[in-house]
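Undergrad: First the structure, then my questions, so here it is.
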Amino acid sequence: QVRLVESGGGLVQAGGSLTLSCGASGIIFSNHNVDWYRQSPGKEREFVATITGGGSTNYADSVKGRFTISRDNAKNTVYLQMNSLKPEDTAVYYCRVIIFKQYWGQGTQVTVSS
């Protein structure tokens, strides 16, 4: 059974940094693309970043240059390093993997105060 667990969210002032983690069980992360999404109240869930099994990365324009996605295959974990945070980054952040269907974690709240 595939299970994803996000952690690392919290409250931070604008300009600060946070690192989110997405741990997996039931799958070998390095064999799959892993995505980070976020959802703010009243808004649709939106793409943030992705990392392929080969390590290639892609980012939403809104976070490019501020966020970095990476993976530690030994720990079966994907990270999202978030720098220069803005109030508009406030959201619940989710990781996702697709293996015949979508698997999502429970999300971790990130709140950026101005």
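Undergrad: List the aspartates and glutamates whose Cα lies under 20 Å from the Cα of Lys86, skipping any in the same chain that are fewer than 8 positions away.
TA: Output for Lys86: Glu44, Glu46, Asp61.
Undergrad: Still on this structure, please answer the following. Just the number, please: carbon plus sulfur as a percent of the accessible area of the stretch 10-114, 1.4 Å probe, no ligands or DNA/RNA counted.
TA: Carbon and sulfur together cover 48 percent of it.
Undergrad: Can you compute the modelled spin-label distance between Ile28 and Ser62, with each label point 7 Å from Cα toward Cβ, in nm?
TA: 3.6 nm
Undergrad: Quick one: Kirkwood hydrodynamic radius for the chain, alpha-carbon pairs, angstrom, one decimal? Each step should come with its number before you reach the end.
TA: On the way: mean 1/r = 0.0716 Å⁻¹.
This gives a value of 14.0 Å.
Undergrad: Chymotrypsin sites (Phe, Trp or Tyr not before Pro), restricted to the stretch 22-114: which are DSSP loop and have at most 11 other Cβ atoms within 10 Å?
TA: Listed in order of number, the matching sites are Phe100.
The values are calculated or read from the model by the stated rules, or taken from the named source; none is laboratory data. From a predicted model like this one, the values you see are computed outputs, not experimental measurements. Cβ: placed from backbone, ideal geometry, glycine included. Neighbour counts: every protein chain shown. Heavy atoms of the whole protein, side chains included, go into the accessibility calculation; ligands, DNA and RNA do not. Shrake-Rupley method; radii C 1.70, N 1.55, O 1.52, S 1.80 Å.
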